[in-house]
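Down below is the structure, laid out as structure tokens.
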Amino acid sequence: MNAHADGAASAAAPYYLPTGDEVEVFEQCHAQGLAVMLKGPTGCGKTRFVEYMAWRLKRPLITISCHDDLSASDLIGRFLIKNDGTVWQDGPLTRAVRDGALCYLDEVVEARQDTVVVLHPLTDHRRLLPIDKTGEVLEAAPGFGLVVSYNPGYQRMLKDLKPSTRQRFVALDFDFPAPEVEARIVAQEGAIAEPDARALVQLATRLRALRDRGLAEVPSTRLLVAAAQLSARGVELRRACLHAIVAPLSDEASLVAAMRDLVDATFV
Ligand code: ADP
């Protein structure tokens with residue numbers, strides 16, 4: 001199980017540059033007890049946004065990375081065998097419900113349907129979590145918020161969320177930020193000069209156009225930040241792009257060659 005608590009609201013605000021009205025809408029959802037779904041490609045700021053909102057709303061954050069082995073017990077909890085009997089141990093979802101934390105399920109579409117249905121009663125008006133194994137029915141503590149993320153493009157043919165699940169969430173659409181906003185993010189996060197950040201974003205715009213030529217995964221803001229960080233440590237920017245952007249995206253020779261050409265054209 002891959003879950004971690006990021007503790008109560010920390011002193012320093014996580015760096016997050018809003019790209020639309022997402023902060024305001026999320027705050028309204030939280031105030032109304034509505035569950036939120038963040039839709040968008042990987043590496044476009046969904047996780048950072050949740051970290052920022054947890055800080056802003058002064059709630060602890062519990063993050064759960066979903067995968068197809070994740071069971072309802074992994075979320076809710078289980079009895080553990082101790083020396084002289086068994087003890088109940090809360091899972092991360094139960095802890096979040098008791099503590100009034102934000103609970104963030106990353107890539108929820110990876111989880112099996114019988115795991116995802118555990119979330120349904122928490123999205124109802126009364127926000128309950130039935131724990132079958134102990135007979136308890138927990139009411140979510142004030143401040144509890146359920147957030148899931150979902151990448152609609154990814155494995156669309158293989159996996160999707162059921163309509164009965166989707167309709168329980170308010171959805172916020174995420175995408176790569178506008179070029180000038182993305183350049184500010186890359187400059188800030190990668191600690192590089194603005195002109196270099198703008199060049200990276202220009203490269204990303206060109207590479208993202210290769211989607212039509214078969215590039216399944218296009219470069220995310222995260223990859224640009226990684227290239228910037230390499231460059232800030234002294235790796236020449238062009239080489240940083242080859243290592244941090246081109247190589248991770250594809251193994252196919254023709255696509256790699258096309259990407260290298262675009263890198264050369266950007267950093268002449
Ligand atoms: P996701 O959860 O969508 O896969 P992340 O939130 O992990 O993506 O974003 C990847 C990285 O991109 C972050 O670590 C951060 O450096 C940067 N980033 C993307 N969007 C923003 C934003 N709006 N403000 C600040 N940083 C951002």
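Each eigenvalue of the Cα gyration tensor of the range 69-146, multiplied by 5 and square-rooted, gives one semi-axis; in descending order these are 21, 16, 11 Å. Divide the volume of the convex hull around the Cα atoms of the range 153-268 by the residue count and you get 120 Å³ per residue. Rolling a 1.4 angstrom probe over the protein heavy atoms with all chains in place gives the chain an accessible area of 51 Å² per residue.
Stokes-Einstein diffusion coefficient for the range 131-180 at 4 °C in a medium of 1.567 mPa s, Rh from the Kirkwood formula over Cα pairs: what value in µm²/s?
Details: Rh = 14.7 Å.
In µm²/s, the coefficient rounds to 88.
Rounded to the nearest 20, the size of the Cβ-charge dipole of the chain about its Cα centre is 60 debye, with Lys and Arg at +1 and Asp and Glu at -1.
Compute the normalised compactness of the range 51-90: alpha-carbon radius of gyration over 2.2 N^0.38 Å, N being the residue count.
On the way: Rg = 15.0 Å, N = 40, 2.2 N^0.38 = 8.9 Å.
The value comes to 1.68.
Please state the relative contact order of the range 111-179 as a whole percent: Cα pairs under 8 Å, 6+ residues apart? Display every interim value, and only then the final one.
Numbers: 35 pairs, mean separation 17.5, N = 69.
This gives 25 percent for the range 111-179.
Both the radius of gyration and Dmax for the chain are 20.8, 71 Å, in that order, over alpha-carbon atoms.
For the range 19-58, the calculated P(r) over all alpha carbon pairs, in 10 Å bins from 0 to the bin holding the longest distance, is 28, 61, 11 percent.
Sorting the segments 116-124, 80-88 by their mean number of nearby beta carbons within 10 angstrom, highest to lowest, gives 116-124, 80-88. Peptides 67-78, 247-258 ranked from most to least packed by the mean count of surrounding Cβ atoms within 10 Å: 67-78, 247-258. Relative contact order of the chain: 19 percent, from C-alpha pairs under 8 Å at least 6 residues apart in sequence.
Counting every pair of alpha carbons in the range 190-248, the share spaced more than 16 Å apart comes to 35 percent. Within the accessible area of the range 25-148, the carbon and sulfur atoms contribute 49%, probe 1.4 Å, all protein chains present.
Of the residues 15, 150, 104, the one that moves most in a GNM of the chain with alpha-carbon contacts below 10 Å is 15. I need the fraction of alpha carbon pairs in the range 118-207 separated by more than 18 Å, rounded to a whole percent. Here the tail beyond 18 Å accounts for 65 percent of pairs. Each of 153, 141, 128 was placed along the dipole of the range 125-176 (beta-carbon charges, centred on the mean Cα), and the one lying farthest toward the positive end is 153.
Could you rank the peptides 181-191, 137-147 by their average count of other C-beta atoms within 10 Å per residue, with the highest value first?
Details: 181-191: 20.0, 137-147: 18.3.
Those peptides, ordered most packed to least, come out 181-191, 137-147.
If I stretch the segment between residue 181 and residue 67 completely, what's the gain in nm (0.36 nm per residue apart, minus their alpha carbon distance), one decimal?
Details: separation 114, 0.36 × 114 = 41.04 nm, distance 3.18 nm.
So the extension gain works out to 37.9 nm.
Please check: in the Gaussian network model of the chain (C-alpha springs, under 10 Å), which one of 219, 60, 130 has the largest mean-square fluctuation. Between 219, 60, 130, it is 130 that shows the largest mean-square fluctuation.
The values are calculated or read from the model by the stated rules, or taken from the named source; none is laboratory data. Computed from a prediction, not measured in an experiment: that's the story for all the values here. Please note: Cβ atoms are built from the backbone with ideal geometry, for glycine as well, and neighbour counts cover all protein chains shown. Calculation scope for accessible area: heavy atoms of the full protein, side chains included, ligands and nucleic acids excluded. Shrake-Rupley method; radii C 1.70, N 1.55, O 1.52, S 1.80 Å.
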